[in-house]
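Asks: Below: one structure in structure tokens.
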Amino acid sequence: MQVTEIHFTDETETRVEVTFTQDGAERSGSWAWPIRDDGKAEAVAAFLAAQDPALLKPALKPVPGVTNDQINAARDRRIDAGITFNGVLFQTRPEDRENIQGAYSRAQSAILIDGAQPGDFTWHGGPGDFEWIAADDSRVKMDAQTMMAFGEAVLDHKAAHIFAANAIKAMDPIPDDFDEVAAYWP
């Protein structure tokens, strides 16, 4: 076994990242290490890693990384944050998605069974025009075709966040700033 890299994230911080080769495979680990001296911790870590990585465990405490629960929470928060559809922000909390799914199904039936046409806002079978309440409490009229497109947009919004979270979980290592970097999310 040969140590290929030891990296201190900061000379005053207690995090040590060790990369080493063992049996032809590159391995790595992160540990908390109190840095109390002038580089002696680095030499000790190198010696221990060169002898047996298991020796690091009693002396060093593992540093927790990003968890799947943290990624799932960020995903769910984004899914629930709402969606802009046709320039209007709509809520997409779980209860909102349930209501949207119900209206989507009714709109689909209105088109396929009742022959609802674009521009017909009375497709829902209730009194008056069909309206959906936006996040700002304004009412937005929707014909059956628009309601179906809205339902599909909400489904796509949720699916895109599920796949983005899955891609983040597959990263090695998972970046600590996964929740702040917009490029990771749709």
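The values are calculated or read from the model by the stated rules, or taken from the named source; none is laboratory data. Not measured: the values here are computed from a predicted model. Heads up, the Cβs are rebuilt from the backbone with ideal geometry, glycines too, and the neighbour counts pull from every protein chain shown. All accessible areas refer to the heavy atoms of the entire protein, side chains included, with ligands and DNA or RNA removed. Shrake-Rupley method; radii C 1.70, N 1.55, O 1.52, S 1.80 Å.
Asks: Of Thr92, Thr67, Thr84, Thr146, which has the most accessible area and how do the rest follow, probe 1.4 Å? Let's see the in-between values first.
Replies: On the way: Thr92 0, Thr67 65, Thr84 95, Thr146 40 Å².
Largest accessible area first, the list is Thr84, Thr67, Thr146, Thr92.
Asks: While we're on this one: How much FRET efficiency would the formula 1/(1 + (r/R0)^6) give for Glu180 and Asp136, where r is the Cβ-Cβ distance and R0 is 22 Å, rounded to 0.05? Each step should come with its number before you reach the end.
Replies: Details: r = 27 Å, r/R0 = 1.21.
Calculated transfer efficiency: 0.25.
Asks: For Ala81 paired with Asp156, estimate the spin-label separation in nm (one decimal), with each label point 7 Å from Cα along the Cα-to-Cβ line.
Replies: Label at Ala81, label at Asp156, 1.9 nm between them.
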